[in-house]
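Read the structure below first, then the notes.
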Amino acid sequence: MEVYFDNAATTKVVPSVREIMLETLDDNYGNPSSRHLKGVDAEKYLRYAKNVLSKQLKCEPKEITFTSGGTEANNLAIIGIAQANKRAGNHIITTGIEHPSVYEPVLYLESLGFRVTFLPVKKDGKVDLAKFREELCDETILVSTMAVNNEIGTIEPVEEIATIIKAYNDEHGKEIVYHVDAIQAFGKQILYPKRIGIHAMSISGHKIHGPKGSGALFVDSKVKIVPILFGGGQEKGLRSGTENTAAIAGFGKATEEMYSNLDENLFKMHTVKDAFIERVTQIEGVTSNSGEAPHIASISFRGVKSEVLLHALEERGIYVSSGSACSSNHPALSGVLKAIGLEKDLLDSTLRFSFCEYNTLEEVEYTIAVLTELVPVLRRFTRK
């Protein structure tokens with residue numbers, strides 16, 4: 001039996017997404033910037049996807065910029081907004097549990113002279129709002145936080161953060177920009193950024209059964225931002241480069257599919273996740289660090305190395321993660337787990353199990369049976 005419990009890393013492309021992508025590859029393969037009929041036919045897919053996303057986010061199509069994925073969207077938002085607003089100040093606020101595609105651009109800006117504050121989080125992984133209020137100042141130009149943590153599934157208080165920023169802006173005559181990395185939230189939550197008070201928001205296709213290499217950045221039309229890629233002037237000059245028509249079309253179709261069945265999808269994910277956590281924590285020495293998100297479970301196996309257990313599960317056809325897939329090229333103990341104060345002995349004994357609406361309770365039963373067998377054996381082996 002094969003069990004794929006690594007959906008926070010990527011998801012399987014669904015048939016309807018594959019079909020629309022093949023249309024663009026086989027028939028409507030023109031360059032969307034070309035002025036002939038083939039180009040016009042290709043450009044229709046861009047308009048289609050932009051309309052789908054803007055309708056879902058309750059924004060204008062012109063406020064959506066397609067990117068090569070979540071990483072580029074985060075980089076464009078953070079670097080582009082900071083550079084465009086540097087005359088207004090040089091202070092950036094983020095948190096200590098951000099994805100590398102936020103953390104690294106922020107460090108890059110710090111190397112250019114920007115001052116960065118990394119907010120602490122509480123034991124549940126949520127931003128310390130009191131500390132956040134204290135850090136806002138006249139030099140603050142950008143705040144960037146995630147909506148859902150990719151390792152433990154904490155749902156961050158983005159609406160409260162947006163409210164605090166708006167109040168500060170109104171009181172002090174500021175224009176602090178709020179960027180949200182919504183890559184793990186999109187497709188699992190209803191997010192209307194302009195209504196919430198979010199000025200820029202990153203999303204990705206391959207977390208919702210769309211293709212890898214598809215992403216987008218919402219930027220409120222009132223926000224100042226400069227490009228970080230230069231060339232042909234595509235995407236209103238904000239993201240040069242020939243658009244990946246197939247990936248963009250697939251992203252649009254995946255968004256339609258996820259949100260047309262959102263309640264049912266969430267119910268299925270919650271059912272599988274809750275059943276898994278209930279069963280797995282019955283194994284001796286196993287605890288959960290999981291947040292509220294419907295699709296992510298962070299589980300610690302005391303006395304067992306995460307990498308060893310990951311590969312032992314893989315041999316049984318069960319695929320999970322030892323943390324963020326985007327951090328696997330730089331292996332180290334999870335900064336997220338450290339930030340929430342997880343015991344030192346558990347930092348290297350924690351796996352992430354992440355689910356989608358296609359996972360089943362039968363898969364949970366199989367995985368629990370395998371873990372019940374493996375964990376005591378690996379624990380004895382580790383102690384030797």
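So the values come out like this:
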read-out	value
Index of the failed condition, Lys344 passing every other in (1) open to solvent by less than 60 Å² (accessible area, probe 1.4 Å); (2) modelled with pLDDT under 95	(1)
Residue list for segment 123-143, restricted to those being over 14 Å from Asn90 (Cβ atoms), in a loop (DSSP other than H, G, I, E, B) and open to solvent by 30 Å² or more (accessible area, probe 1.4 Å)	Lys123, Asp124, Lys126, Asp128
Test: residue in segment 200-220 that is aromatic (Phe, Trp, Tyr), under 22 Å from Phe66 (Cβ atoms), touching a strand residue (DSSP E or B) at 6+ places or on another chain (Cβ under 6 Å) and in contact (Cβ under 8 Å) with a residue 40 or more places away in the chain	yes
Conditions (1) among the small types (Gly, Ala, Ser); (2) within 21 Å of Thr255 (Cα to Cα); (3) open to solvent by less than 20 Å² (accessible area, probe 1.4 Å): number failed by Ala162	(2)
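The values are calculated or read from the model by the stated rules, or taken from the named source; none is laboratory data. Everything numeric in this text was worked out from a predicted model, so none of it was measured. Cβ coordinates were reconstructed from backbone atoms using ideal geometry, including for glycine residues, and neighbour counts include every protein chain displayed. Side chains are part of the model used for accessible areas, which takes the heavy atoms of the whole protein and leaves out ligands, DNA and RNA. Shrake-Rupley method; radii C 1.70, N 1.55, O 1.52, S 1.80 Å.
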